[in-house]
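> Below is one structure. I have some questions about it.
The values are calculated or read from the model by the stated rules, or taken from the named source; none is laboratory data. Note that this is a predicted model, so its numbers are computed, not measured. Every residue, glycine as well, gets a Cβ built from its backbone with ideal geometry; the counts of neighbours run over all protein chains shown. Each accessible area value is taken on the protein alone, full model and side chains, heavy atoms only, with ligands, DNA and RNA left out. Shrake-Rupley method; radii C 1.70, N 1.55, O 1.52, S 1.80 Å.
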Amino acid sequence: MYFYLTSLHCGGCHVGFNNTWRACCGTGTYEVAIGCNEMTPFTCPNASTHIFWDSFHPTQAMNKLLADSVFEQGITKLFGK
């Protein structure tokens, strides 16, 4: 999972992420903003284009990519496809 995250950080545009270095909420760099939600000032208008919601939590789009990747790798290991 770490390798997957770092590879997206370096070139996430191929899967729809336009902003791979700044989080969607807070100042987007180092902190987890208290009460960070869609109504918080300076929150990005489209979280699906970011890898992280804040400095710690992945966005829903990133969580889906991670889950799909883990599931696909697990199926391959279980069934050898």
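> Of all residues being of a type in the set (Val, Ile, Thr) and touching a helix residue (DSSP H, G or I) at 6+ places or on another chain (Cβ under 7 Å) in region 15-70, which is modelled with the highest pLDDT? Just the residue, please. Write out each step before concluding.
The first filter runs over region 15-70 and keeps only residues of a type in the set (Val, Ile, Thr), leaving 15, 20, 27, 29, 32, 34, 40, 43, 49, 51, 59, 70.
Applying the additional criterion that residues be touching a helix residue (DSSP H, G or I) at 6+ places or on another chain (Cβ under 7 Å) yields 15, 20, 51, 59.
On the way: Val15: 73, Thr20: 77, Ile51: 85, Thr59: 89.
Among them, the one singled out is Thr59.
> Right, something else. So, in region 71-81, of the ones that are part of a helix (DSSP H, G or I) and open to solvent by 40 Å² or more (accessible area, probe 1.4 Å), which residue ends up modelled with the highest pLDDT?
Taking the candidates together, the pick is Phe71.
> When both residues are 6+ apart or on different chains and their Cβ atoms are under 7 Å apart, which pairs have a first residue that lies in region 60-77 and is touching a residue at least 24 places away in the same chain (Cβ under 8 Å), and a second that is part of a helix (DSSP H, G or I) and open to solvent by 40 Å² or more (accessible area, probe 1.4 Å)?
Taking only residues 6 or more apart or on different chains, the pairs are Ala61/Ser48; Leu65/Val15; Leu66/Tyr4; Ser69/Tyr4.
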